[in-house]
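Encoded as structure tokens, here's the structure I'll be asking about.
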Amino acid sequence: MAENLPSQEQPEEISLEEDEKRRLEQEWLNFSEANKMLRFLENQEIVVSDRQARLLAISCCNRLNDLLDDRSKKALEVAELYADGNANIEDLNEARRIAREVLSNLPFDENGSIDLGSIELTATQQALEAINCSLDASARLFLGSAIIRSNTAFAYAYDKNQSKDKANSYSVNLLRDIVGNPFAKEPIVFDENWRTSDVLAIAKGIYEEKAFERMPILADALQDAGCDNEEILNHCRKDLNTSECSHVRGCWVIDLILGK
């Protein structure tokens, strides 16, 4: 009498297309430099919008806020408003004029020259770079340069040996916050039923007030509305106190909810 042998599980069959999607996603998740990620997106014909590019350039610069003159901070705020269509080109040109003026009026050293090694100079130059990126009609084309300068400025302003990796990690996390995961196994579809009055009010408050510490509250409101998408909920609940998370204006979840 023949023995009943245990049935062997058949290996999951994966199509070439599915295998390629998995490879792309894994490569995307493994990147540790924002500029390489930008080139990767370009090679896959995935476009970072000019609005996203402007917000990313400004957010990269905002980490140097404690080194900036109040006028430079205000100029960056104008550039951020411009990215969302809440300031016009004249406002942005005036912001650039102010940023240039701040740069030219930095204190001179005892030899009558601007200290080219000062961290204030480095930060102010980066603020001007972010505004210049915002001014360009095709901001995304100049984003890579803005990121490189921002990372260099950050590493220079703080501990050069320890801050290079930290600077790269920060800009990578910002890019992931803004563009999400374009190579996710399943495309994210936002159910209109999740866009309740509570969800909209919380998302709008987070965006307008830059109150990103409320993202976990947004996750709870989304769940109450029936949202079961793990990508969305997990992104909202990432710990802001870790180096692996940054939320800024342009966050893909907030944009998805507010229709930006």
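Using packing as a proxy for protection, rank 66-79, 89-102 so that the peptide with the highest average count of other Cβ atoms within 10 Å comes first.
Values: 66-79: 19.0, 89-102: 16.6.
Output ranking for 66-79, 89-102: 66-79, 89-102.
Could you go through the stretch 227-233 in sequence order and give the Karplus-derived ³J(HN,Hα) for each residue, using 6.51 cos²θ - 1.76 cosθ + 1.60 with θ = phi - 60°, rounded to whole Hz, and x for Gly and Pro?
5, 10, 7, 5, 4, 5, 5
Quick one: dipole size for the stretch 192-258, taken about the Cα centre, charges +1 on Lys/Arg Cβ and -1 on Asp/Glu Cβ, in debye to the nearest 20.
The dipole magnitude comes to about 240 debye.
Would you please give the residues with an amide H less than 5 Å from that of A87, counting only those at least 5 places away or on a separate chain, with H modeled from the backbone geometry?
Residues meeting the amide H criterion: Y82.
What list of ³J(HN,Hα) values in whole Hz, one per residue of the stretch 201-215 in order, does the Karplus curve 6.51 cos²θ - 1.76 cosθ + 1.60 (θ = phi - 60°) give from phi, with Gly and Pro shown as x?
Coupling constants for the stretch 201-215: 5, 5, 4, 5, x, 4, 5, 5, 9, 6, 9, 6, 5, 8, 4 Hz.
Also: Using a Förster radius of 35 Å, what is the FRET efficiency between Q223 and E42 based on their Cβ-Cβ separation? Nearest 0.05, please.
0.50
Here's a follow-up. Give a quick list of GluC sites (Glu not before Pro) in the stretch 189-260 that DSSP marks as loop, anything other than H, G, I, E or B, with at most 13 other Cβ atoms within 10 Å.
Answer in residue order: E244.
Mind ranking 249-260, 20-31 by how tightly packed they are, going by the mean number of other C-beta atoms within 10 angstrom, highest first?
Taking the mean over residues of other Cβ atoms within 10 Å, the ranking is 249-260, 20-31.
Restricting to Cα pairs below 8 Å that are 6+ residues apart, what does the relative contact order work out to for the stretch 192-258? Please round to a whole percent. Could you put the intermediate results ahead of the total?
Working: 55 pairs, mean separation 26.4, N = 67.
The value is 39 percent.
Report the local net charge at F183: Lys and Arg +1, Asp and Glu -1, summed over other residues whose C-beta lies under 13 Å from its C-beta. All intermediate terms of the calculation are to be shown ahead of the outcome.
On the way: positive: K21, R22, R23, R176, K185; negative: E17, E18, D19, E20, E25, E27, E45, E186, E231.
Summing Lys/Arg as +1 and Asp/Glu as -1 gives -4.
Classify the stretch 192-258: rounded, prolate or oblate, from the alpha-carbon gyration tensor (a ≥ b ≥ c, eigenvalue square roots; a/c under 1.5 rounded; otherwise prolate if a/b is larger than b/c)?
Oblate shape, in that a/c is at least 1.5 and b/c is the bigger or equal ratio.
Count charges around I58 for me, please; just the other residues with Cβ under 10 Å from its Cβ, Lys/Arg as +1, Asp/Glu as -1.
Overall, the nearby charge balance is 0.
The numbers here are math on the coordinates, done by the rules we state, and not lab data. Please read all numbers here as calculations on a predicted model, not as lab measurements. Neighbour counts are summed over all protein chains in view; Cβ atoms, including those assigned to glycine, are modelled from backbone coordinates with ideal geometry.
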